[in-house]
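Notes for the one structure printed next.
The values are calculated or read from the model by the stated rules, or taken from the named source; none is laboratory data. All values derive from a computational prediction rather than experimental measurement. All Cβ positions, glycine included, derive from the backbone under ideal geometry; neighbour counts span all protein chains shown. For the accessible areas, the whole protein counts, side chains as well, though only heavy atoms, and no ligand, DNA or RNA atoms are used. Shrake-Rupley method; radii C 1.70, N 1.55, O 1.52, S 1.80 Å.
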Amino acid sequence: MREAPFTSLSRGGEGRSTRLARAALMLVSGLVLLVISPMAFGEAPPPDYRVIVHPGRPDTRVSREFVANALLKNITRWSNDEAIRPADQRVDSAVRRTFSERVLKRSVQAVKTYWQQRIFSGRGVPPPELESDEAIVRYVENNPGALGYISGTAAAGKTKVLAVTH
Amino acid sequence: VFCLVFAPARADAADEGSNPLGVEVHGFVSQGFMLSSRVNYLTHSRRGNFEFTEVGLNVTKSIGDRLSVGMQLFARDLGTIGNYRPQFDWFYLDYRFKDWLGLRAGRTKLPFGLYNEQSDIDSARVPILLPQSVYSITSRDFLLAQTGFELYGYVPLGPVGAFDYRLYGGTIFIESTTFASPDAHVNDIDVPYLAGGRALWRTPLDGLTVGGSLQLLKLDIDYTVSDAFVEGLKAREIVGPDFGNRLTYKIPAVLWVGSLEYAAHDVTLAAEYSRWRTESRIRPVIPIYPDSDQTATRWYVMGSYRAATWVSPGAYYAVWQNGVAGPNTRNKYQQDLAVTARFDVTPNWLWKLEGHYMRGTAALRSALNANTSTATLPREWTVLMVKTTAYF
């Protein structure tokens with residue numbers, strides 16, 4: 001007795017391959033659409049964070065390593081010998097979590113431990129931790145040589161937003 | 001101190017206007033408990049002991065962009081060590097000419113290995129005790145800090161990472177009780193030289209550091225030995241009739257350590273291998289105490305992981321071998337398997353729990369164990385520790 005076509009399709013090897021191929025095609029199409037749709041509509045997703053500096057700084061881009069070293073105070077001078085005045089976000093802020101993992105390559109807790117080591121061995125103190133994006137912007141606007149970071153959607157005020165190269 | 005620790009979370013956050021003088025004040029208070037089996041370790045720990053306290057308070061201030069000054073007062077009690085006597089843990093004036101060249105003068109912590117500078121800082125690590133094979137609490141007098149000068153710098157190397165160096169020279173001050181014994185009074189301890197350095201290569205692989213440290217020092221200890229001791233030597237004709245009470249004990253030493261650390265995201269893995277070569281010379285010569293050279297091999301592997309914001313388990317295995325192993329030489333080695341956990345209760349308060357399984361007696365002291373020779377103390381023993389620290 002012959003089986004109904006749909007039965008053969010659901011059990012046969014060729015039928016399963018076809019179904020998998022169709023599902024894969026849909027998945028890939030979906031991913032492509034997901035990626036290109038904001039571009040097609042001119043809506044690039046906002047970055048998770050933006051690095052800002054005092055408006056008087058001539059720089060337009062900076063490397064991730066430089067930003068990390070400046071926040072950790074391994075590097076304390078800009079290329080023109082001006083002092084870097086870094087500022088950090090609150091420990092419990094989402095932007096700090098993202099920034100720590102992506103730029104410093106450590107968790108917020110690990111960075112905190114790093115500063116405990118520095119503080120109690122007399123090797124330095126952490127940058128000031130400010131309350132909000134607005135406070136960071138004010139600090140950077142008012143301190144020549146300042147460097148900070150804010151949420152991707154926050155207003156940067158009169159500060160200069162730098163491109164970060166990875 | 002506790003008011004500052006338990007103040008609202010912003011107490012440690014400097015805002016634009018909250019620190020107009022630019023003076024940073026930080027501190028910590030630690031209290032521990034130690035319980036050991038079969039032997040007393042570091043303190044009279046067999047029945048449980050709370051003599052495991054550390055307190056520190058520091059003040060630092062930047063004067064302009066390049067000059068800074070600072071000092072830390074520290075007191076501790078660990079069995080017979082410390083007894084709450086406050087002392088300057090470090091003090092300095094620091095001038096940073098460039099990122100690659102800074103000069104520091106004063107009493108500075110010695111950069112020996114990855115963690116020597118943190119040996120007093122409970123909040124800066126997961127374990128209660130750093131691996132004692134390399135960071136021995138009982139060697140704190142020699143290894144913690146020096147008074148003199150230091151050159152340091154950080155040199156970015158572009159695609160090959162960065163180079164971090166420290167070079168120092170000066171002296172150390174050692175309490176005379178460190179080398180005292182019932183038959184010998186210490187008149188003076190002189191350190192003719194102390195010099196060393198550390199170089200760390202921050203590799204392009206984020207979190208991976210490779211380094212090496214070297215330290216050279218010499219101790220000259222001037223003793224007055226007891227009349228009974230001298231008469232005993234004369235009676236056995238070990239020394240001549242004109243032998244006096246004054247002795248000089250000279251100990252030149254060379255210490256080095258190779259270091260490897262991977263610290264990225266929530267993981268920290270570290271391994272260090274060290275050799276300490278010490279010579280002993282007593283003048284005038286006493287034949288039963290001949291000149292000797294000894295090389296100690298010390299190493300450990302350690303790992304920790306921040307499983308959640310509030311808990312970080314860790315473990316290490318540390319080995320310390322003095323001279324050549326042989327039969328009945330349990331006091332020549334120490335093997336330490338430690339399991340530890342750190343619990344961060346609040347951003348400024350933590351608890352730690354730690355267990356050690358020990359093999360060997362090199363880390364033990366006869367004086368804490370009814371003057372029993374360390375060669376005959378139990379070879380296997382355990383330690384349980386609990387510690388809490390508040391810091392700001």
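Overview of values
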{"quantity": "A:VAL161 being open to solvent by 50 Å² or more (accessible area, probe 1.4 Å), more than 9 Å from chain B (Cβ to nearest Cβ), of a type in the set (A, V, I, L, M, F, W, C) and not in a loop (DSSP other than H, G, I, E, B)", "calculated": "yes"}
{"quantity": "Condition met for B:LEU110 (closer than 17 Å to B:GLU54 by Cα and open to solvent by less than 40 Å² (accessible area, probe 1.4 Å))", "calculated": "no"}
{"quantity": "Restricting the range B:104-152 to residues that are closer than 23 Å to B:SER68 by Cβ and among the aliphatic types (A, V, I, L, M), the residue that is modelled with the lowest pLDDT", "calculated": "B:LEU144"}
{"quantity": "Qualifying residue in the range B:365-387 (condition: under 20 Å from B:GLY314 (Cα atoms) and among the basic types (Lys, Arg))", "calculated": "yes"}
{"quantity": "Residue identified as outside any helix (DSSP H, G or I) and basic (Lys, Arg) among A:ARG123, A:ARG138", "calculated": "A:ARG123"}
{"quantity": "One residue from A:GLY152, A:GLY145, A:GLY56, A:GLY124 being more than 7 Å from chain B (Cβ to nearest Cβ), touching a residue at least 60 places away in the same chain (Cβ under 8 Å) and on the phi > 0 side of the Ramachandran plot", "calculated": "A:GLY145"}
{"quantity": "Check on B:GLY102, part of a strand (DSSP E or B), facing chain A (nearest Cβ under 10 Å) and of a type in the set (Gly, Ala, Ser)", "calculated": "yes"}
{"quantity": "Selected residue (criterion: farthest from the other protein chains (Cβ to nearest Cβ)) from residues of the range A:92-117 that are within 28 Å of B:LEU57 (Cβ to Cβ) and open to solvent by 50 Å² or more (accessible area, probe 1.4 Å)", "calculated": "A:ASP92"}
{"quantity": "Of all residues in the range B:17-45 being open to solvent by 80 Å² or more (accessible area, probe 1.4 Å) and at pLDDT below 95, the one that is nearest to B:SER119 (Cα to Cα)", "calculated": "B:HIS44"}
{"quantity": "Conditions (1) assigned to a strand (DSSP E or B); (2) among the hydroxyl-bearing types (Ser, Thr, Tyr); (3) more than 22 Å from the chain's Cα centre (by Cα); number of the one not met by B:TYR289", "calculated": "(1)"}
{"quantity": "Residue check for B:ALA162: open to solvent by less than 10 Å² (accessible area, probe 1.4 Å) and closer than 21 Å to B:GLY27 by Cβ", "calculated": "no"}
{"quantity": "Test: residue in the range B:79-97 that is at the interface with another protein chain (Cβ under 10 Å from one of its Cβ atoms) and of a type in the set (A, V, I, L, M)", "calculated": "no"}
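Table: residues versus (1) out of contact with any Leu (no Cβ under 8 Å at 6 or more places or on another chain); (2) modelled with pLDDT under 90; (3) part of a loop (DSSP other than H, G, I, E, B); (4) not β-branched (Val, Ile, Thr).
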position: B:PHE173; (1), (2), (3), (4): yes, yes, yes, yes
position: B:VAL191; (1), (2), (3), (4): no, no, no, no
position: B:ALA195; (1), (2), (3), (4): no, no, no, yes
position: B:LEU214; (1), (2), (3), (4): no, no, no, yes
position: B:ALA228; (1), (2), (3), (4): yes, yes, no, yes
position: B:LYS250; (1), (2), (3), (4): no, no, no, yes
position: B:TRP256; (1), (2), (3), (4): no, no, no, yes
